[in-house]
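Note sheet for the following structure.
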Amino acid sequence: MIVKEEFMSKLRRYFNLNLYEVRIWTALLSRGVSTAGELSDIGHVPRSRAYDVLESLEKKGFVIMKLGKPIKYIAVEPTEVVERVKKLIQQEADVNVSKLKELQETDVLKELESLHKQGIDFIDSTDLSGAIRGKHNLYTHLESMVKQAEKSVTIATTSKGLIRKIEALKPVFQKLAKKDVKIRIAAPISKEAENVMKDVKNFAEIRNATNLNARFCIVDEKQLMFMVMHDDQVHPSYDIGIWVHTPFFASALENMFNSAWKGFEPVKNGKTPGQ
């Protein structure tokens, strides 16, 4: 049995299996029914590990142990395996979410918050900074920043970034609007952005900044995150942002933004005046 390494890697990623599990599983799929010894030889897995691997696959719903001697294993249909894995992942996720909800109602979280606050008192302001790599991580941290806003959120972004940020942060903007947090977004606006802008027109003020070439977010004039490259010029996996907690710099940048904001075109009903 010859299975390409690239195919094996995909199986490991999609089904969250280790190398031996993938080898045994694909070997069994190619045979339909087989013994542990045969699968060990076909899949190039040490015989001392074959039974452990098959037991693991059985628990995960990939194989069924056939009654009788010698013990044989039956491959479950791949479509059914996908459904079983989906169900298992959902169950595990539900359990983990339930645990975290319970945690919020215990003293454990209060103690953790207390430790964090004590630690913050000893931190130098220059230590509250970091580099964040990858668009997914950037947006996760951006959401975390914006959630903490009490007074204002200021965002400068690209035309594509405007669409992504509205889609990602719309629920957060809705909650902030109820707390009277001032949200301003400046970006070069494209036609593609018109529909998504309508979704947040009641929560954020958006202006068309045709010549703006910047990507940053300021929260409460205290926290600042800025991206070091234009999103058209970097792969999402290699996008980099710098986060700093610095009232001095964040406030200075906010003041500069305020001056520029006056010259940007207001957006009403998802369109700029010129459209």
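Miscellaneous remarks
- Residues in the stretch 180-199 that are within 24 Å of Asn255 (Cα to Cα) and out of contact with any Gly (no Cβ under 8 Å at 6 or more places or on another chain): Asp180, Val181, Lys182, Ile183, Arg184, Ile185, Ala186, Pro188, Ile189.
- Listed by first and then second residue, the pairs linking a residue in the stretch 131-142 that is touching a residue at least 40 places away in the same chain (Cβ under 8 Å) and in a loop (DSSP other than H, G, I, E, B) to a residue that is loosely packed, with under 13 Cβ neighbours inside 10 Å and not β-branched (Val, Ile, Thr), with Cβ atoms under 9 Å apart and 6 or more places separating them unless they lie on different chains, are Gly134/Pro236; Gly134/Ser237; Gly134/Tyr238.
- When each of Val63, Val45, Val33 is tested for being touching a residue at least 40 places away in the same chain (Cβ under 8 Å) and of a type in the set (Val, Ile, Thr), the lone residue that passes is Val33.
- Filtering the stretch 1-44 to residues that are over 18 Å from Ile64 (Cα atoms) and charged (D, E, K, R) leaves Lys4, Glu5, Glu6, Lys10, Arg12, Arg13, Asp41.
- Count - residues of the stretch 191-233 that are among the β-branched types (Val, Ile, Thr) and in contact with a Pro (Cβ under 6 Å, 6 or more places away or on another chain): 1
- Criterion: part of a helix (DSSP H, G or I) and loosely packed, with under 10 Cβ neighbours inside 10 Å - qualifying residue of Lys87, Lys69, Lys99: Lys99
- Residue match in the stretch 197-206 (condition: modelled with pLDDT of 90 or more and within 20 Å of the chain's Cα centre (by Cα)): no
- Qualifying positions in the stretch 174-183 - among the β-branched types (Val, Ile, Thr) and part of a loop (DSSP other than H, G, I, E, B): Val181
- Odd one out for Gln174 among (1) more than 17 Å from Phe216 (Cα to Cα); (2) in contact with a Cys (Cβ under 9 Å, 6 or more places away or on another chain): (2)
- Val53 vs. criteria among the aliphatic types (A, V, I, L, M) and either part of a strand (DSSP E or B) or touching an Asp or Glu at 6+ places or on another chain (Cβ under 7 Å) (or both): yes
- Considered as a group, the residues in the stretch 176-190 that are touching a residue at least 12 places away in the same chain (Cβ under 8 Å) and out of contact with any strand residue (DSSP E or B) (no Cβ under 9 Å at 6 or more places or on another chain) include one that is surrounded by the fewest Cβ atoms within 10 Å (Cβ to Cβ), and that residue is Lys179.
- Residue within the stretch 235-242 that is under 12 Å from Leu162 (Cβ atoms) and of a type outside the set (Ser, Thr, Tyr) present: no
- Restricted to the stretch 1-49, the set of helices (runs of 4 or more DSSP H) holding at least 3 residues that are at pLDDT below 90 comprises 5-15.
The values are calculated or read from the model by the stated rules, or taken from the named source; none is laboratory data. Owing to the predicted nature of the structure, the values given are computational and were not obtained by experimental measurement. Backbone-built Cβ (ideal geometry, glycine too); neighbour counts: all protein chains shown.
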